[in-house]
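The values are calculated or read from the model by the stated rules, or taken from the named source; none is laboratory data. Given the structure is predicted, the values throughout are model-derived calculations rather than measurements. Positions of Cβ are generated from backbone atoms using ideal geometry, with glycine treated the same way; all protein chains shown enter the neighbour counts. Side chains included, ligands, DNA and RNA excluded: accessible areas come from the protein's heavy atoms. Shrake-Rupley method; radii C 1.70, N 1.55, O 1.52, S 1.80 Å.
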Amino acid sequence: MIDKLKEISKDQLLAEVKKYADSKAKFVTGSCNDLGDRLEVTYFFNASPGMDMSALRFTVGKGEEVPSMTGIYLTAVLIENEMKELFGLKVKDLAIDFGGHMMLAQDSPVLPMLKSEDQKAAAQKGGN
Amino acid sequence: MGIIATSRLKSPWIMHFDNSSCNGCDIEVLACLTPLYDIERFGIVNMGNPKHTDVLVVTGPVNRRTARVLKNLYDQIADPKMVIAVGTCSISGGVFHNCYNVLGGVDKVIPVDVYIPGCAARPEAIIDGVVMALQKLAKLQGVAL
Amino acid sequence: MAPRTITPFGPQHPVLPEPIQLKLTLEDEKVVDVMPAIGYGHRGIEKACELNEYPKNIYLCERICGICSCIHGITYCEVVESLWPMDIPPRAKYLRTIFSEMSRTHSHLLWLGLLADAFGFESMFMQYWRIREKVLDLLELTAGHRVTQSVSIIGGVRRDIDADMKKHCIEVLKDVRKEVEALSNVLVNDYTVKARTIGKGVLSYDQAIALGCCGPHLRASGVKEDCRMQGYLAYGDLSFEPVVASGGDSYSRAAVRIGETIQAIDLQLEALGKMPEGEIAAKVKGNPPANEATMRVEQPRGEVFYYAKGNGTRNLERLRVRTPTYANIPSLLVMLPGCEMADVPIIVLSIDPCISCTER
Ligand code: SF4
C-alpha cells in the first residue's frame, strides 16, 4: 500500500501537478506498469525540505495520449522519455524528446517492458 | 624483434573500456593502479587512447549500444594486441544474462585472450591476469618474459 | 557573436570511469548549451527483476551499481519486507546500518580521490584511495567481499560481526577518521583547490528543489533533506543530523562529502557500540502477498527510491528503481551553461555521476 496516493484522471494531471509545483514540492519520480490493456502511471512527489511523500496515479488505455509535465517540472523529462520508450506511453509535448533512443539502441527490442505472454500466464496461475 | 618486443613486455600500456558493467570491476581495475596494489611496478600505464594501447581491459557485458563502440576500439589498436575480459559478466553475461539489452560476453564481439572470473574480480586476480596476458604475448613474439 | 561549435564530451573520457556523453555547444571557450545523451549502460535490469525469483533479485539489484551495491541490496530487501510487511530482528537492523555506512565511507573516499584527480592533484588521489583500501578490508572482513557484498537477505543479514571483529573495526575506523581529517584539511584549505571549485557550477536553493536533486548535491545548496531523517533501520536510535552547506557550488559539494565521511565513521562507531545481541535474520515463509510498497534510502550519491509491486507469485509484478544520478543529471542543464570548457569535468564530477545506476 502506498501512503497518500491520489487517484486522478489524465485530464486532471497538469492541474494537480501545478499544485505541487506551487507548494514548492520536489518531483521524485514516476513509474509505469502494464495492466494488460491499460497502462498505470504513478508520479511521486516530496514536500521539501522534509521527507513527506505523496503520489498521483492514473490509468490510460494503450495508445491514448498523455500530457507531459515537463513544462512544470523539467526534471520529469528523463522518466517521461523512458516510459515512452519502454512502455509505449504516448506522452505529447515533451520538452526534450530523445525520439525513442534515450536508453535503447537501434536494434534493441521494441517496448521491452510490456508483459510477455509467459509472464501473464505465470501471474494468472498464482501461487508457486 | 629485439628491443621493441622486450619493451612491449616490460612496459605494456593498457586501456580500460567499460561496456555496461555495474562498476564493481571498474573500481577494482582502478584500485590496481593505486598504492596498495600498484600495478605500475610492472611498467603498466593506463592510457585513454586506443592507438597507444597494447592491452585492452574490458569490463561488463556487451550491450546493444556498446557492441559497435567496442569493435571500433579493438580495430584501432595496433597489432600485437591482447584483450582481457575482467569479471564474470564480461565472460558470459553473468547476472545480466536475462536482461533484454545485453548480448552476452565480450567474446561475442571481439576475440579475448585472458578471462578473469570473479564478481567483482579481485585486484590480485586482475594483476595475475595481466601477467598471464604478458606471458602469452611473450610466447607470441618468441622472446623470454 | 562568436561562432558556435558543438563538442562531444565522452562517452570515453578520462575523468569519467563510465560512458556518458554530453553534447556541449561552445562559443569559443564558453559553454552555452548542453545536451546529455545516455543509454550506453542500459541493460534492462527492471525487466529481469520481474523474471527472477525474489531471492535472486538481491544479486541483480546489487549490481545496478557496484559502488553503492551494498545499499542497493539492503533497499531491495527492505522494500520486499514491507510488502508483507514483516519485521526484522534489531541486530540485523544495526548490522545493515553499519554496512551501509561503511559503503558510504568507501564511496565518498573514492569520490574525493576522483575529484583530486580531476584537477590534477594526483598524489592526493592516491592518498584517498590508500585510505579507502582500509575500509574495503573492513568490508571484506565483516561483510565478506570488497565491493559486491550480497550481505543482506530477505529477513535480515547473512553475516554477523563478532566481538573480535568489532574490536578490530573500532581500531581501524578511529585510525581512518584521523587520516581523513588530516588529508581533507589540505583539500578544503588549499589555494588551488579553492580557485578551481569555488563558484563553479552554482545551483541555488530553489533551483535544486525545482530540479528534484537529491543527496549531497541537494544539501550543498542548503536544503536540509536526507532520507536518514526518516529513521529507517537503526538511524532513529543514532545521533544523526544531516550535513548541510550553503554555497551551492562544487566546493560546497566537496565539503558536504567530507563532512559525511567523518559522520559515517562516527555513526559506525556509535552503532557498533549500541548494537543489541540476538538473531541476525528472521524466518521467511512463502511469497509476499499482492501489495505495493515504496522505500527511500540514502545512498552515498543521494536518495534511492524503490517501488515494488508483488502479485502473490514467486515473481515481482513490477520493480522500479530511481537512482540518485537519475535525479541529478537534469541539474547539469542548468549548471553547465555559462561555464568554461576547462571546468566541465569538475562540474560533471561534482554531482558524483554514476551512470550504470542511471541506466540500469
Ligand atoms: S562481474 Fe560482477 S562486479 Fe564485475 S562488473 Fe560484472 S556484475 Fe559488476
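About its Cα centre, how strong a charge dipole does segment B:9-100 have in debye, to the nearest 20, once Lys and Arg get +1 and Asp and Glu get -1 at the Cβ?
Dipole magnitude for segment B:9-100 comes out near 320 debye.
Check which residues have an amide H placed less than 5 Å from B:T53's amide H, if you skip close sequence neighbours.
B:A78
Pull up all non-local amide H partners of C:G156: gap of 5 or more, or a different chain, and H-to-H distance under 5 Å with H placed in the peptide plane.
C:A282
Could you order B:W13, C:W129 so the one with the most accessible surface comes first? Probe is 1.4 Å.
B:W13, C:W129
Using a Cα-Cα cut-off of under 27 Å, which lysines could be cross-linked to C:K178, ignoring same-chain neighbours fewer than 8 residues away?
C:K134, C:K166, C:K167, C:K194, C:K224, C:K274
For segment C:246-292 and segment A:64-107, compute the distance between their C-alpha centroids and round to whole Å.
34
Rounded to the nearest 100 Å², what is the buried accessible area between A and C, both sides summed, probe 1.4 Å?
3800
Let me know the number of lysine pairs in chain A closer than 18 Å at the Cα, not counting same-chain pairs under 8 apart.
24
Take the alpha carbon gyration tensor of segment C:4-359, find the square roots of its eigenvalues, order them as a ≥ b ≥ c, and report rounded if a/c is under 1.5; if not, report prolate when a/b exceeds b/c, else oblate.
It comes out oblate by the Cα gyration axes.
How large is ³J(HN,Hα) for each residue in segment B:32-39, as worked out from phi by the Karplus curve 6.51 cos²θ - 1.76 cosθ + 1.60 (θ = phi - 60°), to whole Hz, x for Gly and Pro?
With coefficients 6.51, -1.76 and 1.60, one gets 4, 7, 9, x, 5, 9, 6, 5 Hz.
Once you've got the GNM for chain C with C-alpha springs shorter than 10 Å, pick whichever of C:M335, C:M35, C:M295 has the biggest mean-square fluctuation.
C:M35
On a straight-distance basis, which aspartates and glutamates could pair with C:K200 in a cross-link, Cα separation under 19 angstrom, same-chain partners fewer than 8 positions away excluded?
Once the sequence-local aspartates and glutamates are set aside, what remains near C:K200 is C:E27, C:D28, C:E29, C:D33, C:D117, C:D190, C:D249, C:E340, C:D343, C:D352.
Among C:I98, C:I209, C:I262, whose mean-square fluctuation peaks in a Gaussian network model of chain C (Cα, cutoff 10 Å)?
The residue that fluctuates most here is C:I209.
Can you compute the helix-only [θ] at 222 nm over chain C? Use -39500 (n - 2.57) per DSSP H run of at least 4 residues, normalise by all residues, nearest 500 deg cm²/dmol.
-14500 deg cm²/dmol
Could you state the principal axis extents of the C-alpha atoms in segment A:5-100, from the largest down, to the nearest angstrom?
For segment A:5-100, the Cα extents along the three principal axes come out at 36, 26, 20 Å.
Can you run phi through the Karplus equation (6.51, -1.76, 1.60; θ = phi - 60°) for segment C:270-275 and list ³J(HN,Hα) in whole Hz, with x for Gly and Pro?
Taking θ as phi minus 60°, the curve returns 5, 5, 4, x, 8, 4 Hz for segment C:270-275.
How crowded by other chains is C:120-129, given as the mean number of beta carbons from other chains within 10 Å of each beta carbon?
Mean inter-chain Cβ contacts per residue within 10 Å come to 2.
Once you charge only the Cβ atoms, +1 for Lys and Arg and -1 for Asp and Glu, what is the size of the charge dipole of segment C:124-253 about its Cα centre, to the nearest 20 debye?
The dipole of segment C:124-253 has a size of about 280 debye.
Report the full-extension gain for the segment B:M47 to B:A78: residue separation times 0.36 nm, less the Cα-Cα distance, to one decimal in nm.
Once the chain is fully extended between B:M47 and B:A78, it gains 9.8 nm.
Quick one: accessible area per residue over the protein assembly as shown, 1.4 Å probe, rounded to a whole number of Å²?
36
Report, to the nearest whole %, how much of the accessible area of segment A:5-100 belongs to carbon and sulfur atoms, 1.4 Å probe, protein only.
C and S atoms contribute 50 percent here.
Please turn the phi angles of segment C:49-54 into ³J(HN,Hα) values with the Karplus equation 6.51 cos²θ - 1.76 cosθ + 1.60 (θ = phi - 60°), one per residue in order, whole Hz, x for glycine and proline.
For segment C:49-54, the Karplus curve yields 5, 7, 8, 7, 7, 3 Hz.
Please state the shape class of the protein assembly as shown: rounded when a/c is under 1.5, otherwise prolate if a/b exceeds b/c and oblate if not, all from the C-alpha gyration tensor.
rounded
Pick from C:R228, C:R63, C:R196: which is most flexible by mean-square fluctuation in a GNM of chain C where alpha carbon atoms under 10 Å apart are linked?
C:R196
Going Cα to Cα from B:K81, which lysines come in below 29 Å? Please leave out same-chain ones fewer than 8 positions away.
B:K10, B:K51, B:K71, B:K108, B:K136, B:K139
When the expected Rg is taken as 2.2 N^0.38 Å, what fraction or multiple of it is the alpha-carbon Rg of segment C:1-154?
1.34
Select from segment A:12-78 those GluC sites (Glu not before Pro) which occupy a DSSP coil region and have at most 15 other Cβ atoms within 10 Å, ordered by residue number.
A:E64
What distance in nm separates the two pseudo spin-label positions at A:D93 and B:Q141, each 7 Å out from Cα along the beta-carbon direction?
The answer from the label model is 6.5 nm.
Computed FRET efficiency, Cβ-Cβ of C:D206 and B:S11, R0 56 Å: what is it to the nearest 0.05?
It comes out at approximately 0.60.
Can you list residues from other chains, or at least 5 along the same chain, whose modelled amide H is less than 5 Å from the amide H of C:R318?
C:K309
Isolated Cys in chain C by the 4.7 Å beta carbon test?
C:C49, C:C61, C:C68, C:C70, C:C77, C:C169, C:C213, C:C214, C:C227, C:C339
Kindly provide the trypsin sites (Lys or Arg not before Pro) of segment C:162-191 that DSSP labels as loop, not H, G, I, E or B, and whose Cβ sees at most 10 other Cβ atoms within 10 Å.
Answer by residue number: there is no such site.
Using a probe of 1.4 angstrom, how much of the accessible area of segment B:2-141 is carbon and sulfur, in percent?
In segment B:2-141, the share of accessible area belonging to carbon and sulfur is 58 percent.
Quick one: dipole size for chain C, taken about the Cα centre, charges +1 on Lys/Arg Cβ and -1 on Asp/Glu Cβ, in debye to the nearest 20.
The calculation lands at about 660 debye.
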